[in-house]
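Each reported figure results from applying straightforward, stated rules to the coordinates on display, with no laboratory input. Computed from a prediction, not measured in an experiment: that's the story for all the values here. Reconstructed Cβ throughout: ideal geometry from the backbone, glycine too, with neighbour counts over all protein chains shown.
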Amino acid sequence: MMTTMTIEMMKNKTEMIPEEFQSLVEAAWKTRENAYAPYSHFKVGAAVETPDGEIYTGCNIENVSYGLTNCAERTAIFQAVAHGKTCFTRLAVCADTPEPVIPCGACLQVIREFGAQSKILLVTKDGRWKQLTLQELLPYSFQDFPQEEE
């Protein structure tokens, strides 16, 4: 359940994007242009930043069988993992929508795996944004896989 403070944070903001997210947001918007969305025409760009400052980007890639579609957030995270980076500190998600787009449940769970403590910024084309934590977006995520004791 969202708190009053969270609801206040989610109101439209047209303030400047936080400086620490500027290059990440620019990278996400640029990568959004490459989205393959012939069915929904809904293009999304995402970028993650690792602790050492490297940025990896992703866009959504649709398939006629929607279940095989990959979201921008997971594409960016998988790109980082493919380059040996299994932790990120920031994530930006950009879409041309009136309100910031929140990652889907599958993306949130993948974010939990590789960036549980990351800062998440959701941005619209006209500059509205929300900064949220994973705990606010997915308070009851799957955590560690239970191991049997020997």
How do Lys43, Lys30 rank when sorted from fewest to most other Cβ atoms within 10 Å of their own Cβ? Lys30, Lys43
Proximal charge balance of Pro51 [Cβ under 15 Å; K/R count +1, D/E count -1]: -1
Per residue Cα convex hull volume in Å³ - calculated over the stretch 17-137: 93
Going residue by residue through the stretch 70-76, the Karplus relation 6.51 cos²θ - 1.76 cosθ + 1.60 with θ = phi - 60° gives ³J(HN,Hα) values, rounded to whole Hz and with x marking Gly or Pro, of 10, 6, 4, 4, 5, 4, 5
Taking only C-alpha pairs under 8 Å that are 6+ residues apart, what is the relative contact order of the chain in percent? 23
Under the helix-only model (-39500 (n - 2.57) for each DSSP H run of 4 or more, divided by the residues of the chain), the mean residue ellipticity at 222 nm, to 500 deg cm²/dmol, is -8000 deg cm²/dmol
Top mean-square fluctuation among Ala95, Ala106, Ala80, Gaussian network model of the chain, C-alpha springs under 10 Å? Ala106
Using a basic spin-label model with each label point 7 Å from the Cα along Cα→Cβ, how many nm lie between Glu26 and Tyr66? 3.6
Gyration tensor (Cα) of the stretch 60-114, equivalent ellipsoid semi-axes in angstrom: 19, 15, 10
